[in-house]
Every structure is written in structure tokens, then in C-alpha cells.
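Laboratory data are not the source of any read-out in this text; all were calculated from the coordinates shown. All values reported here derive from a predicted model rather than from experimental measurement. For neighbour counting, all protein chains shown are included, and Cβ atoms are generated from backbone atoms with ideal geometry for every residue, glycine included.
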Amino acid sequence: MTAGQHPLLVDVFPDLVADIVVLLHAEDEDDSLADTVETLLFHGVCTCTATCTNLLTAPPGSSGSWMVQLERNGEDVIWLSLDPSATAITDIEVLDGRDLGPASRRPA
């Protein structure tokens with residue numbers, strides 16, 4: 001847990017973080033984005049719409065227009081939205097159907 005109010009993403013979703021790091025190392029030539037994943041904070045689930053299930057790693061509204069599409073066997077499995085400078089991950093959309101557990105669900 002961080003000193004602030006948000007836990008580290010790796011503490012909440014360790015398997016997801018491990019997968020993201022592996023997939024980024026496979027695609028990211030300089031590994032700079034992969035090196036940041038284990039320090040991301042978990043800001044909760046996006047509440048922009050009733051069906052949005054993005055996991056926020058920055059305050060809402062932090063995303064820019066950059067996206068990294070991570071693939072496994074030719075299929076998109078995770079989308080990472082980046083800040084306007086394209087140097088920080090602001091939210092994560094998991095597309096491979098895995099159950100991330102209760103922390104990934106919107107509060108009732």
C-alpha cells in the first residue's frame with residue numbers, strides 16, 4: 001500500500017501486472033513503459049458509463065489520445081491508455097475475459 005489513499009496496482013492485481021510487463025517487454029523497444037508498471041497506483045474502476053470496466057491508474061480525465069494495444073497470439077488482450085505525453089499509463093482495459101475479482105467491479 002502506498003502512503004496515500006490508493007494502493008499499488010501490483011498489490012491489487014499481481015497477475016495482471018506481471019502479464020502487462022511481459023507483454024510490454026515483448027513489444028516496447030526501450031522498455032521505458034514496462035519499467036513503470038509496478039509503480040502504478042490503482043485509482044479504482046472507471047465510472048464514465050455504466051458499462052465501462054477500465055481500471056484507472058491515474059485520476060479520471062488523465063488520458064490522452066495514445067493507446068498501446070498488447071497482443072497475445074495475434075489477438076488484442078489488453079489496451080493501455082496513456083497520458084498526453086505517452087509516457088504514463090492512465091488506464092487499463094482487459095480484453096481477454098479473465099476474472100479480475102471483486103476489486104475490478106463497480107461498487108453497487
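The residues Glu75, Glu38, when put in order of fewest to most other Cβ atoms within 10 Å, stand as Glu75, Glu38. Close amide H pairs (under 5 Å, H built 1.01 Å from N) link Val77 with Leu70, Glu71, Arg72, residues at least 5 positions away or on another chain.
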